[in-house]
Amino acid sequence: MSRAHNYHRPTTIDEAVSLLAIDGHVPLAGGTLLNADDDPTPVGMVDLQALELTRVEAADGRIVLGAMVTLHDLKCDERIPTALRDAARTELPSTLRTLATIGGTVAAGNPDSVMLAALLVHEAEVGVVGPDGPSSAPLANVLADRGPCHGHLITSVSLAFGGTTAREAVGRTPSDTPIVSATARRVDGTTTVALTGVAPTPVLVGPDDPTSGLDPIGDFRGSADYRLHLASVVTGRALSALEGAS
Amino acid sequence: MKVSLRLNGVARRFECDVHDTLLTLLRREGMVSVRFGSTSGETGAAAVLIDGRLASSDVVLAAQADGHEVTTLESLNTARGLHPVQEAFATTGAMQSGYSVGAMILGTLALLEQDPDPDEDDIRDMLSGILDRETAYVKPVAAIRRAAALLRGEEVEPFAPLVLDPMTDGRNAVEVDPEDPAPDAPPAVPRLIPSPDVPEMAVVGHPEVKVDALRLVKGNPAFTADFEMRGLLHAKVLRSPHAHARIVAIDDSAALALPGVHAVIHNGNTARVKYASGGQSYPNPKPHDQVSFDDMVRHVGDRVAAVAADTPEIADAACRLIEVTYEVLPAVFDELEARLDDAPVIHAEEDTVGIADREHNIVHRIHSERGNVEAALASADHFYEQTFRVHQVQQCPIEPHISVAWLDSDERMVVRTATQVPFHTRRMLAPLIDMRIKDIRIIKPRIGGGFGAKQEMLIEDIAAHLAIATHRPVQLELTREEEFFASRTRHPQTITFRTGVNADGTLVAQDMTVVGNTGPYGSHGFTVQIVTGLRGLTSYNCDNKAFNCEVVYSNIPVPGAYRGYGAPQALFALESHMEDIADNLRMDPIGFRRQNWVRVGDELNIAPHLGETAVFEGELDEYPVVGSNGIEECVAQGMRAVSWHRRNDPEWREPADRPHIRRGLGFAFCMHGTAIPFLDMGGASIKLNDDGSFNLLVGATDLGTGADTVLAQIAAEVLGVPLSDIVIYSSDTDVTPFDTGAYASSTTYISGTAVQKAADVVRKRLKERAAMLLGIDVPCSIVLQNRRAWAPDGRSVTLEEIALDSLHLNEQEQIMGTGSHMSPDCPAPFAAQFVEVEVDIETGQVTVVSMVMAVDCGVAINPITASGQVEGGMLQALGYAHCEEIVLDDKGTMVNPSFGPYRIYTADEMPHTEVFLIQTLEESGPFGAKAVAEIPKDGVAPALRNAIVNATGVRIYDLPFTPERVYRALNDA
């Protein structure tokens, strides 16, 4: 059974923000996490599907994704950089990818999300609306803050395109959520690398010293030491792949 | 709240609760093709099309679907016939249980709508969200390709095996020419190597479509949850948060006070009747160490109480209101530590009898020996000793355990349940609910996979207790989490082999010491470990053999039966050990095994002293011998298919363009059994209908394997009719004959012979009646063929004419026959398992590139379903070897009870697979058949391990081969 004890489908952002101000009310995007949550504490669901947050637009050299764009949409949209389309396919299997959204992915901040790593290297900015109006912040900051504040709503994610990218990962099986992955992007001579599986959220790291300052939490899929080792290996490989591509 | 949506093209308006999921709504509205696999979307069993896109309806609120277009499999069922996609799934054998086939067919429709000619990557990507433990996705991919071709209007070939010439004379090894190309056909097509000993038959041996295909591809009501009951209550179980504790007090008053709650049961209000839950023949092995609700809990997830309520949500809420006071006790999880003096005693209660050493948690001690192992080891030229550890995994049927119990109008207890053992369940349930066997009826509908987890009376007693308490029908369906830690699992073991070998490579002594971890309850603990001994010590000739075993209690989730039943553990250890010995002796790994493996006519010198009907004392006058063995053909076909010669090619093993990759090929020799000799029994009855068709009733329980199809093919062959004239029904303890159940690779061999015997009785009488009609004195000269009885002079009567005559016109009688079968034999299927890997030596990541299994299962009654068994078995075996593991924290709580963290293979990452069916004629089996269901579980782990050895030189002694384990081994080497 889902946690919903109340359901709203606001049609304007203002309405949504007012609903989210109510205690115990949370945004419902695709539902792949919220509706799967077995926490018995009931919540009020503020369904965002009627807010027209599904546009994909190019503006100012960037692509702006509405927060309700699904990973399936991303995978299929030829305007989207290949690395992101591939990440969308890798992130979730077919039956969940059609539901899960880019905004929900950002809000969840899953440390193993290759989608978030791909967004990080594409200089993603997150558009948020709250009681005090719209604002935007780099994805890295939003992740560091563990998502937007209560009562705030992610409305868009914008990203840069261009450059070359490469992803390297290690998992138990080829389609397993990677234990550690590195996504690298080079544009105009500048290289950025984002890692998953080494911190509480996906993180940008220095290409020359990718493990500096990292303090991974080990689990049965990989101890902390092993994750640090993998971080070095997959970063090195991703950088080599960039060399090969350029 | 009101929800409006277009359901299968029709605008509908529904009243829903706000927390209802779309899955709940659809099933309530009768869309039973949408099936429960979990509440978090990852099984895909509940996937439907929402606005034309495949999406898991269990993570969508009904309210979210308001205003949308929802399509289920039922949308295709507008005509009596099948949609081309349904047709393709049926023809290719793309579903075994068919539990998730609705999602697969809908996904196919959506995919083909976008792209009428999708490539394999896109097909596999579509399937990536629909988990399947049965087909390994091999035949679904073929089905989708076929469906696409049909919808493009193309002609398609019949789906049939690729028949190959044998490479050997059936007995002797051959050199495989590296230049000899492997046969080329899609992976879903079984490669069939016929035997000249086997005659051509009309129905047996043919790729018939499964008899249950129609109901499955249409998503018709077929499974336990699909049948509606008026006034149905829902049950939930309160489970222990502690690995080991005494229940000091239970206060159920708040739960009972909750509106909608009808009963709460626990140790305070249920009788203390001891039992053992393993679904096994009478008498169930001791100790009987369980009761329905105990005052002790012995693992996290153990039963504490159960609630029946109007809805699952109320039952859940009521469970949270039950106040339990626990006295938490120390717990132990490791089988070696559990035997120590300071370990907590897990069964201190006096009313559990039959524990070998209660103080040390040793449930059973088992010893068997032939010859003199110690003396022979001491005198052997070479001595080897290795210890292996195998871990705990779960069967993961996509349909969790589910039972519905009610008292019928005669107040007899009826339980419709997902079980592999309806007759054992009836017998075992009776004392627990204080009813007589004759007052209990167990109905087994279709089952969404079992793999041994349902060879258990796991939850039927809870549903029955609650049905008695409430006088209402009660349904108990486990959640995915419960399925992981509160159903059954594979036994972890520590296994030591000691082997003496002479300089020429001949085995002279071999012993096997096993410490088996049976968790908190005996269940299948005795029999699984003794089968480990049987399988570990039967493959190779050796005069001196011994098995030493201790079966040990601990506080892990309960192990039980899991397809393979002790053999996968044994063969991982044995075939790794044999590989390492061959390497040490600098012998060819297959050649060394060949020098020692059993051949036709060889005596199985320890087999009768091990296994479930073991004779422990003394020597026997006679020992079983190998009657049929196609291993040399298996090896030759497999070697050619995988290009075995590459394993010695340094350029292939160390690809120059990928410096961190090492490639390898591995082999395992597999030998299994067919049924439990002197124990397994199946019954069948057949009656003739007015139109010349037959009803076939069997107690055998098809759990998706195709058993019903195979049994009906056997009947059809004997009676000279097409398969479509056999209407099979299984199983219902009120209606069908007894059968021990679906386990131990027994159904085709045991129940199949019972069917053959019953059909022989009917055939004899049909011939006599035909002789009367044709005026012939010698009925035995009549032949049944093509629905007619033929006299030697060419005259004939139809079976319909015989039926009408015998039922209505002359000397009226019901032509019918019964048969039952038990076998003293246990003929062995044999197989050669090959695995190709790539190992990343910098990270330890292992990538399985291909798996090829060549199996001698005698005559495959149906090559499509037989190859499906091998494909699915290899998938599960690959999970066991590579990525699946139950992980407990230090308190005994499972940390990964969901798919994803518990990794099972998905469609988009499967290695290439090929199946070869090597025909031999097993004289003791029906039409020459042996078993096929379990042997594919045996060889993947050792073949993968040996491939890693070939690739890297590193030997690993424990499972699974996850990246960090392999990385550590590479760095320790």
- request: Report whether or not A:Gly103 is at pLDDT 95 or above, closer than 25 Å to A:Thr201 by Cβ, surrounded by fewer than 21 Cβ atoms within 10 Å (Cβ to Cβ) and among the small types (Gly, Ala, Ser).
  value: no
task: Determine the pairs where a residue that is on the phi > 0 side of the Ramachandran plot and not assigned by TED's automatic domain parsing to the domain that holds B:Ile322, located within segment B:230-252, has a partner that is modelled with pLDDT under 95 and surrounded by 22 or more Cβ atoms within 10 Å (Cβ to Cβ) with Cβ atoms under 6 Å apart, the partner being 6 or more residues away or on another chain.
output: none
query: Which condition does B:Leu23 not pass, out of (1) without any contact (Cβ under 8 Å) to a residue 24 or more places away in the chain; (2) crowded, with 18+ Cβ neighbours inside 10 Å; (3) not β-branched (Val, Ile, Thr), if it passes all the others?
result: (1)
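Per-residue answers, yes or no, for (1) more than 14 Å from every other protein chain (Cβ to nearest Cβ); (2) in a loop (DSSP other than H, G, I, E, B):
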site: B:His299; (1), (2): yes, yes
site: B:Ala318; (1), (2): no, no
site: B:Glu327; (1), (2): yes, no
site: B:Pro330; (1), (2): yes, yes
site: B:Pro344; (1), (2): yes, yes
statement: Note on B:Pro207: of the conditions (1) under 30 Å from B:Arg35 (Cα atoms); (2) surrounded by fewer than 21 Cβ atoms within 10 Å (Cβ to Cβ); (3) out of contact with any strand residue (DSSP E or B) (no Cβ under 9 Å at 6 or more places or on another chain), unmet is (2)
task: Check A:Arg227, A:Arg237, A:Arg221 and return the single one that is under 17 Å from A:Ala166 (Cβ atoms), modelled with pLDDT of 95 or more and within 14 Å of chain B (Cβ to nearest Cβ).
output: A:Arg237
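Okay, residues lined up against (1) within 19 Å of the chain's Cα centre (by Cα); (2) buried (at least 20 other Cβ atoms within 10 Å of the Cβ):
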position: A:Ser2; (1), (2): no, yes
position: A:Arg9; (1), (2): no, no
position: A:Ile22; (1), (2): no, no
position: A:Gly30; (1), (2): yes, yes
position: A:Pro40; (1), (2): no, no
position: A:Gly44; (1), (2): no, no
position: A:Val56; (1), (2): yes, no
position: A:Gly61; (1), (2): no, no
position: A:Asp73; (1), (2): yes, yes
- request: Any chance you could count how many residues in segment B:565-602 are charged (D, E, K, R) and farther than 19 Å from B:Val954 by Cβ?
  value: 5
Number of positions in segment B:836-892 that are within 20 Å of B:Ser576 (Cα to Cα) and small (Gly, Ala, Ser): 7
message: Whether any residue in segment B:84-103 is within 23 Å of B:Arg446 (Cβ to Cβ), more than 14 Å from every other protein chain (Cβ to nearest Cβ) and surrounded by fewer than 20 Cβ atoms within 10 Å (Cβ to Cβ) is what I want to check.
response: yes
field: First in segment A:202-221 and closer than 24 Å to A:Arg172 by Cα, second anywhere and among the charged types (D, E, K, R), Cβ under 6 Å, 6 or more apart
entry: A:Pro216/A:Arg227
Top-ranked residue of segment B:299-348 - restricted to ones that are touching a Pro at 6+ places or on another chain (Cβ under 8 Å), of a type in the set (Asp, Glu) and in the same structural domain as B:Val474 (by TED's automatic domain parsing), ranked as surrounded by the most Cβ atoms within 10 Å (Cβ to Cβ): B:Asp302
task: State yes or no: is B:Val515 surrounded by fewer than 24 Cβ atoms within 10 Å (Cβ to Cβ) and either free of Cβ contacts under 8 Å to residues at least 24 places away in the same chain or farther than 30 Å from B:Arg586 by Cβ (or both)?
output: yes
message: Tally up the residues in segment B:129-152 that are crowded, with 24+ Cβ neighbours inside 10 Å, out of contact with any strand residue (DSSP E or B) (no Cβ under 7 Å at 6 or more places or on another chain) and touching a residue at least 60 places away in the same chain (Cβ under 8 Å), please.
response: 8
message: So, B:Tyr905, is that one part of a helix (DSSP H, G or I) and either touching a strand residue (DSSP E or B) at 6+ places or on another chain (Cβ under 8 Å) or within 14 Å of chain A (Cβ to nearest Cβ) (or both) or not?
response: no
task: Could you check segment A:123-195 for strands (runs of 3 or more DSSP E) lying wholly inside it with 3 or more residues that are away from chain B (no Cβ under 14 Å) and β-branched (Val, Ile, Thr)?
output: A:125-130, A:153-160
task: Give just the number: which of (1) of a type in the set (S, T, N, Q); (2) free of Cβ contacts under 8 Å to residues at least 24 places away in the same chain; (3) under 15 Å from A:Pro93 (Cα atoms) does B:Gln114 not satisfy?
output: (3)
- request: Evaluate segment B:659-670: report whether one residue or more is free of Cβ contacts under 8 Å to residues at least 12 places away in the same chain and in a loop (DSSP other than H, G, I, E, B).
  value: yes
- request: Return yes or no: is B:Thr709 among the β-branched types (Val, Ile, Thr) and in a helix (DSSP H, G or I)?
  value: yes
task: Given the conditions (1) closer than 30 Å to B:Met104 by Cβ; (2) touching an Asp or Glu at 6+ places or on another chain (Cβ under 8 Å); (3) buried (at least 21 other Cβ atoms within 10 Å of the Cβ), report the number of the one that B:Leu432 does not fulfil.
output: (1)
- prompt: Within the bounds of segment B:548-557, is there any residue that is touching a residue at least 60 places away in the same chain (Cβ under 8 Å) and over 28 Å from B:Met457 (Cα atoms)?
  reply: yes
- prompt: Considering B:Gly129, B:Gly44, which residue is in contact with a Pro (Cβ under 6 Å, 6 or more places away or on another chain), within 13 Å of chain A (Cβ to nearest Cβ) and either assigned to a loop (DSSP other than H, G, I, E, B) or charged (D, E, K, R) (or both)?
  reply: B:Gly129
field: Residue among A:Asp86, A:Asp73, A:Asp60 that alone is within 20 Å of A:Pro138 (Cβ to Cβ) and either modelled with pLDDT of 95 or more or away from chain B (no Cβ under 14 Å) (or both)
entry: A:Asp60
message: I'd like the full set of residues that are among the hydrophobic types (A, V, I, L, M, F, W, C) and either within 9 Å of chain B (Cβ to nearest Cβ) or farther than 24 Å from A:Pro134 by Cβ (or both), limited to segment A:34-57.
response: A:Leu34, A:Ala36, A:Val43, A:Met45, A:Ala50
message: Can you pull out every residue in segment B:908-927 that is crowded, with 24+ Cβ neighbours inside 10 Å, not hydrophobic (A, V, I, L, M, F, W, C) and not in a loop (DSSP other than H, G, I, E, B)?
response: B:Glu914, B:Pro926
field: Unmet requirement for B:Arg968, which otherwise passes all of (1) surrounded by fewer than 24 Cβ atoms within 10 Å (Cβ to Cβ); (2) of a type in the set (Lys, Arg); (3) within 23 Å of the chain's Cα centre (by Cα)
entry: (3)
- request: State which residue pairs qualify: first residue within 21 Å of A:Ala36 (Cα to Cα) and at the interface with another protein chain (Cβ under 9 Å from one of its Cβ atoms) and inside segment B:879-900, second residue β-branched (Val, Ile, Thr) and surrounded by fewer than 21 Cβ atoms within 10 Å (Cβ to Cβ) in any location, beta carbons under 6 Å apart, and separation of 6 or more residues or different chains.
  value: B:Val895/B:Val887; B:Asn896/B:Val887
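The values are calculated or read from the model by the stated rules, or taken from the named source; none is laboratory data. Remember, predicted model here, so these are calculated numbers, not experimental data. Here the Cβ is made from the backbone with ideal geometry for all residues, glycine too, and neighbour counts use every protein chain on show.
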